[in-house]
Amino acid sequence: MASHLSLALSHLLRSPFFLLLSLSLLTYLVLRALRVTGNSRRAIVTASPPGTTGLPLIGETPAFLAANHSGRGVYDFVRARHLRYGECFKTNILGRTHVFVSSIEAVRTLLGHESPDFSKRYIRSITELVGDQSLLCASHEQHKFIRRHISCLFKLDSMDSTIKKFDELVIHTLRGWEQKETVLVLRDAMKITFTAICKMLISTADEQELEILRNDVSQVSEAMLALPLKFPGTRFYRGLKARRRIMNTLRKMMDLRKKGSECHEDLLQGLVRDESHGNEPPLTDEQILDNILTLIIAGQVTTASSIAWMVKYLDENQEVQEKLRALHSELAFTNYLSPLGSEVLNLMPYATKIVKETLRMATIVSWFPRVALKDAEIGGLRIQKGWIVNVNARSVHYDPVVYDDPVKFNPGRFDEDSRPYSFLAFGIGGRTCVGMNLAKAMMLVFLHRFVTTYRWRVTDSDSSLQKGAMFPMLRSGCPIAVSPAVAQPKLPDRSGDANVKRMQFMPWCNVT
Ligand code: HEM
């Protein structure tokens, strides 16, 4: 019986029917395995970014506000989550889902390629403060139109007189420092950047008018990260009232220009006159006013704060400071340097690297927000329509894979060109900072005058940040004590030599 059975089984195993059956079974198993892999790959593609959206309604807003009101600054909220979840994570702030991304690939997708799936977007309260016609908040099409009108007024030749004016202000301010025991660099830098920018935009020179405007602008800036509570006593309410006063002042100025009762060589006049755009309509009054306020806010604190960080970094890196002083003492004795205008700044390649390294380390704008206009995917993770995706610039600037030893202040790292999409101090793509060249010029002018006039010592090395500030600003204000820089031997007159030729290339304009 058993031998019959084994004979039948051996026949069956060798039969074509069995071979066909085994082949079908094998094919089925392989296909199934392939389908499982495909599915899991699809599952990865559609995974949501890691991170928590916190409590219902309020999300992680309390933690965000707590960081904003601490000496570590608002970025501490982002840093903690970046360490926990990696280069892409989500959170919820003020009722919106925010995703933070910091891979070079994500930077390229969001900024470099200007994906039509994403558009710049600030929180609603910022729009109320700077105005919905501001470059920061306008819709995609409006933005292009406004930017075309404004950016041509930021060309180098138009900025030359602003840079010269800034140079005079720096010289005047530095002169006053010798008598002082302690100087707060940030406070004085805020004054001179504000004065220079207002002169360029609206030609305001009257000290009292400037002081009133400065206080109002600072209240608007302070309200930008406050809770949007609109009742007396709140920071947001104070910001809105300050905005109204600024708008009234600017509107009066604009009316005088329109009537022809006043005429100045400045940006306001350029926009009111608006000759240079062929068939395109001019900017509306609202667009002009919102953007003048935007330019003041975007330009003053960012540049002043960068100057203060630069002074601090150079104090902490004496060998860099000495090298710079030696190079610039030589420059200071040439004939071209009074006053400093845009054309002379190409003579400062080492200072340009110091500016760039300062901007990398300070990363004044820590992240850039964009809204997803439809469901999308970044780095294999699902982004839902309506989420805000923030390019985490600070994390890119401190990524040891991108920048070797990133916590070290090392201007020499810019001897080589940076990796594409890795230097984000002024952003990249269609939203790149409009005032980039002006900011760099102001930093270089300040640096040249300062290092050739004084040696300095920072008297409070505390690195904690001002609470509630939109940008990372030193809480100490960067206090310094100065002493005269030792005079260098006078160098031979080199007027008419190759420098004049080099001026025309202006490499300092290509910092990014
Ligand atoms: C060191 C100083 C400065 C830094 C670090 C800085 C940084 C930036 C960054 C990173 C952006 C792009 C943000 C994004 O893509 O979302 C930006 C945009 C902008 N900046 Fe600056 N900025 C500085 C100085 C200035 C100055 C001096 C002005 C003008 C007076 C200015 C006006 C603007 C404006 C209007 C925008 C918006 C551009 C647009 O959306 O088309 N900035 N800035």
Tell me, please, whether a residue that is in the same structural domain as T452 (by TED's automatic domain parsing), touching a Pro at 6+ places or on another chain (Cβ under 9 Å) and buried (at least 23 other Cβ atoms within 10 Å of the Cβ) can be found in the stretch 187-199.
no
Scan the stretch 164-182 and report the pairs whose first residue is touching a residue at least 24 places away in the same chain (Cβ under 8 Å) and over 17 Å from L447 (Cα atoms) and whose second residue is of a type in the set (S, T, N, Q) and loosely packed, with under 15 Cβ neighbours inside 10 Å, with Cβ atoms within less than 7 Å and a gap of 6+ or a chain change.
T182/T459
Can you tell me which of (1) in contact with a Phe, Trp or Tyr (Cβ under 9 Å, 6 or more places away or on another chain); (2) surrounded by fewer than 20 Cβ atoms within 10 Å (Cβ to Cβ); (3) part of a helix (DSSP H, G or I) is the one Q287 doesn't meet?
(2)
For the stretch 121-146 the number of residues that are over 21 Å from N279 (Cα atoms) and among the basic types (K, R) is 2
Is there a residue being surrounded by 17 or more Cβ atoms within 10 Å (Cβ to Cβ), among the hydrophobic types (A, V, I, L, M, F, W, C) and in contact with a Phe, Trp or Tyr (Cβ under 7 Å, 6 or more places away or on another chain) anywhere in the stretch 146-169?
no
Take the residues of the stretch 358-401 that are closer than 12 Å to I104 by Cα and away from the ligand (no atom under 16 Å from the Cβ): which is surrounded by the fewest Cβ atoms within 10 Å (Cβ to Cβ)?
V401
Does the stretch 329-336 include one or more residues that are surrounded by fewer than 22 Cβ atoms within 10 Å (Cβ to Cβ), more than 25 Å from G429 (Cα to Cα) and among the aliphatic types (A, V, I, L, M)?
yes
State yes or no: is E280 assigned by TED's automatic domain parsing to the domain that holds L256, at negative phi, surrounded by fewer than 17 Cβ atoms within 10 Å (Cβ to Cβ) and in contact with a Leu (Cβ under 8 Å, 6 or more places away or on another chain)?
no
Condition check: in contact with a strand residue (DSSP E or B) (Cβ under 9 Å, 6 or more places away or on another chain) and free of Cβ contacts under 8 Å to residues at least 24 places away in the same chain. Does A67 satisfy that?
no
Test R148 against the stated conditions and say whether it is away from the ligand (no atom under 13 Å from the Cβ) and not hydroxyl-bearing (S, T, Y).
no
Based on this model, can you work out whether Y313 counts as of a type in the set (S, T, Y) and touching a residue at least 24 places away in the same chain (Cβ under 8 Å)?
yes
Pick from R96, R72, R84: which is in contact with a helix residue (DSSP H, G or I) (Cβ under 9 Å, 6 or more places away or on another chain), among the basic types (K, R) and modelled with pLDDT of 90 or more?
R72
Looking only at the stretch 183-242, count how many residues are closer than 23 Å to W367 by Cα, within 15 Å of the ligand (Cβ to nearest atom) and aliphatic (A, V, I, L, M).
5
Any hit, the stretch 345-354, residues being over 30 Å from Q466 (Cα atoms), touching a Phe, Trp or Tyr at 6+ places or on another chain (Cβ under 6 Å) and of a type outside the set (V, I, T):
yes
When every residue in the stretch 114-137 that is over 17 Å from I296 (Cβ atoms) and among the small types (G, A, S) is compared, the one nearest to the ligand (Cβ to nearest atom) is S119
Being assigned to a helix (DSSP H, G or I), of a type in the set (G, A, S) and more than 10 Å from the ligand (Cβ to nearest atom): is that true of A304 here?
no
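Among the listed residues L225, L213, identify the single one that is crowded, with 19+ Cβ neighbours inside 10 Å and outside any loop (DSSP other than H, G, I, E, B).
Values: L225 fails: outside any loop (DSSP other than H, G, I, E, B).
One residue alone meets the criteria, L213.
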Across the stretch 412-434, which residue is nearest to the ligand (Cβ to nearest atom) among those that are surrounded by fewer than 21 Cβ atoms within 10 Å (Cβ to Cβ) and small (G, A, S)?
G427
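The values are calculated or read from the model by the stated rules, or taken from the named source; none is laboratory data. Since the structure is predicted, the reported quantities are computational estimates derived from the model, not experimental observations. Virtual Cβ from ideal backbone geometry, glycine too; neighbours counted across all protein chains shown.
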